[in-house]
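The structure's right below; bear with me while I get my questions together.
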Amino acid sequence: MSALQIKKGSSKHSAYDLRSHMSEVMERHTLAVVVDNESGVLARVIGLFSGRGYNIESLTVAEVDHQGHRSRITIVTTGTPQVIEQIKAQLQRMVPVHDVHDLTVEGQSVERELALLKVAGTGDKRVEALRLADIFRANVVDTSLESFVFEITGTSEKVDAFADLMRPLGLVEIARTGVAALSRGPQA
């Protein structure tokens, strides 16, 4: 027995594991955050995530209100329900943040991502790449004798599926924008 009268191995959780054990279910959430469009705001939002060990799967940001000088940051993150609630609460307390929406729980939303994929190949691989691009409704935005650059828009799953099919055909490079999302319906 130790000085604390705790038997060695009596707990399945480490004393250093400070995460909540209420729920271990990891969920993917899309957050829309409206902020002041000024220098340092994005760094502060990102700092909130990195400082607490939260991961960002996708991040997009752009000015959406020129007169009000406001930008919209769309963040896709994964965590337990308690962690997601903590992230939202901490974001809402930040001074340059005007609004935080969890599009995953507020109802239906539309999510899209843009990707550019460079595929190098000749002969049958080139023909197959064009055939698959047609099926996925990807556009050819650049071409040479040895390669194509395809543009595809859709859900992240659609982009992933297209990239997976292009790999054996000569996928050389991929650039993705990250998720842009809006809630469905008339409300903001």
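The values are calculated or read from the model by the stated rules, or taken from the named source; none is laboratory data. Predicted, not measured: the structure shown is a model, and the values here were computed from it. Note that we place each Cβ from the backbone using ideal geometry, even for glycine, and neighbour counts take in every protein chain shown. Surface accessibility is based on the protein's heavy atoms, side chains included, excluding ligands, DNA and RNA. Shrake-Rupley method; radii C 1.70, N 1.55, O 1.52, S 1.80 Å.
Being under 30 Å from Ile152 (Cβ atoms), surrounded by 13 or more Cβ atoms within 10 Å (Cβ to Cβ) and either touching a residue at least 40 places away in the same chain (Cβ under 8 Å) or touching a Phe, Trp or Tyr at 6+ places or on another chain (Cβ under 9 Å) (or both) narrows it down to one residue among Arg70, Arg44, Arg126; which is it?
On the way: Arg70 fails: either touching a residue at least 40 places away in the same chain (Cβ under 8 Å) or touching a Phe, Trp or Tyr at 6+ places or on another chain (Cβ under 9 Å) (or both); Arg44 fails: under 30 Å from Ile152 (Cβ atoms).
Exactly one residue qualifies, and that residue is Arg126.
Quick one: Ser109 ticks every box in (1) out of contact with any helix residue (DSSP H, G or I) (no Cβ under 6 Å at 6 or more places or on another chain); (2) modelled with pLDDT of 95 or more except a single one, so which number is it?
Among (1) out of contact with any helix residue (DSSP H, G or I) (no Cβ under 6 Å at 6 or more places or on another chain); (2) modelled with pLDDT of 95 or more, Ser109 violates only (2).
Sticking with this one: Of the residues that make up region 19-32, is at least one in contact with a Lys or Arg (Cβ under 7 Å, 6 or more places away or on another chain), more than 23 Å from Gln187 (Cβ to Cβ) and modelled with pLDDT under 95?
No: region 19-32 contains no residue that is in contact with a Lys or Arg (Cβ under 7 Å, 6 or more places away or on another chain), more than 23 Å from Gln187 (Cβ to Cβ) and modelled with pLDDT under 95.
For Gln108, indicate whether it is surrounded by fewer than 16 Cβ atoms within 10 Å (Cβ to Cβ), within 21 Å of Gly178 (Cβ to Cβ), touching a residue at least 12 places away in the same chain (Cβ under 8 Å) and not acidic (Asp, Glu). First the steps, then the outcome.
On the way: surrounded by fewer than 16 Cβ atoms within 10 Å (Cβ to Cβ): yes; within 21 Å of Gly178 (Cβ to Cβ): yes; touching a residue at least 12 places away in the same chain (Cβ under 8 Å): yes; not acidic (Asp, Glu): yes.
For Gln108, the condition - surrounded by fewer than 16 Cβ atoms within 10 Å (Cβ to Cβ), within 21 Å of Gly178 (Cβ to Cβ), touching a residue at least 12 places away in the same chain (Cβ under 8 Å) and not acidic (Asp, Glu) - is met.
Mind checking which residues of region 74-96 are at pLDDT 95 or above and in contact with a Leu (Cβ under 6 Å, 6 or more places away or on another chain)?
Ile75
Quickly run through region 131-188 and pick out the residues that are open to solvent by less than 90 Å² (accessible area, probe 1.4 Å), assigned to a strand (DSSP E or B) and not β-branched (Val, Ile, Thr).
Selection gives Asn139, Asp142, Ser147, Phe148, Phe150, Glu151, Gly154, Leu171, Ala175, Ala180, Ala181, Ser183.
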